[in-house]
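Student: Before I ask anything, let me first share the structure, which is written out below as structure tokens.
The values are calculated or read from the model by the stated rules, or taken from the named source; none is laboratory data. Predicted model, so just to flag it, every value in this text is computed and none were measured. Because the Cβ atoms are built from the backbone with ideal geometry, glycine has one as well, and the counts that use them run over all protein chains shown.
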Amino acid sequence: MGINLLDVHTVNDLSSTAQPEWIPIKVTVDSGACETVMPLSMCEAIPVEPSPQSQRGTDYEVANGETIPNLGERRCVVMTENALGPKLMNFQVCDVHKPLLSVSKVNEMGYRCILEKEGGYFQDLQTNECIPLHREGNLYVLKAWVKASGFPRQG
């Protein structure tokens with residue numbers, strides 16, 4: 001599934017899923033989020049890299065009206081339930097309490113978002129891959145596993 005959806009690509013090396021270094025995470029699905037974000041304290045083994053947003057000095061407005069700076073991004077290798085393979089997800093890093101998944105970014109990457117009474121799913125409009133979303137109280141969450149070492153740098 002494509003999570004940030006600035007650059008979500010299927011990772012070709014499926015053998016990487018056999019390695020024991022996967023961290024379970026829950027990402028709250030947020031229809032009001034302009035970016036997919038995670039706190040600095042999450043997935044600390046993965047380096048924070050400069051992102052176009054952090055280099056521009058982007059700030060995000062949070063629910064209480066305050067602004068928080070973009071600190072860069074973490075490029076994560078992620079597996080989800082029912083995934084055809086691992087994906088690359090870019091999370092913008094900022095002072096949030098939990099990771100948030102931007103529905104608009106998911107839609108921009110070619111996924112349909114369906115939210116229903118008991119849960120929902122993201123459906124890849126090209127492959128029909130369906131990634132389940134779980135309802136926890138009034139929130140929808142994506143259950144995923146992040147490879148602790150992150151995504152190897154290209155080049």
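Student: Scanning for something free of Cβ contacts under 8 Å to residues at least 12 places away in the same chain, closer than 27 Å to Ala45 by Cα and more than 16 Å from the chain's Cα centre (by Cα), does region 72-95 turn up at least one residue?
Tutor: Looking for residues that are free of Cβ contacts under 8 Å to residues at least 12 places away in the same chain, closer than 27 Å to Ala45 by Cα and more than 16 Å from the chain's Cα centre (by Cα), one finds none in region 72-95, hence no.
Student: For region 79-114, how many residues meet the condition of being in a strand (DSSP E or B) and surrounded by 15 or more Cβ atoms within 10 Å (Cβ to Cβ)?
Tutor: Adding up the residues that qualify gives 14.
Student: Against the condition surrounded by 14 or more Cβ atoms within 10 Å (Cβ to Cβ), over 20 Å from Lys26 (Cβ atoms), modelled with pLDDT of 95 or more and touching a strand residue (DSSP E or B) at 6+ places or on another chain (Cβ under 9 Å), how does Gly72 come out, does it pass?
Tutor: Yes, satisfied.
Student: I'm checking my understanding of the structure. Among residues of region 23-41 that are surrounded by fewer than 18 Cβ atoms within 10 Å (Cβ to Cβ) and not β-branched (Val, Ile, Thr), which one is farthest from Val96 (Cα to Cα)?
Tutor: Among those that are surrounded by fewer than 18 Cβ atoms within 10 Å (Cβ to Cβ) and not β-branched (Val, Ile, Thr), it is Pro24.
Student: On the given criteria, is Leu125 loosely packed, with under 15 Cβ neighbours inside 10 Å, farther than 24 Å from Glu21 by Cβ, touching a Gly at 6+ places or on another chain (Cβ under 6 Å) and at pLDDT 95 or above?
Tutor: Considered against the rule, which asks whether it is loosely packed, with under 15 Cβ neighbours inside 10 Å, farther than 24 Å from Glu21 by Cβ, touching a Gly at 6+ places or on another chain (Cβ under 6 Å) and at pLDDT 95 or above, Leu125 comes out as yes.
Student: Now for a separate question. Which residue pairs have Cβ atoms under 6 Å apart, sit 6 or more places apart or on different chains, and have a first residue in region 57-70 that is more than 17 Å from Phe91 (Cα to Cα) and a second that is among the charged types (D, E, K, R) and surrounded by 10 or more Cβ atoms within 10 Å (Cβ to Cβ)?
Tutor: Thr67/Asp59; Thr67/Glu61
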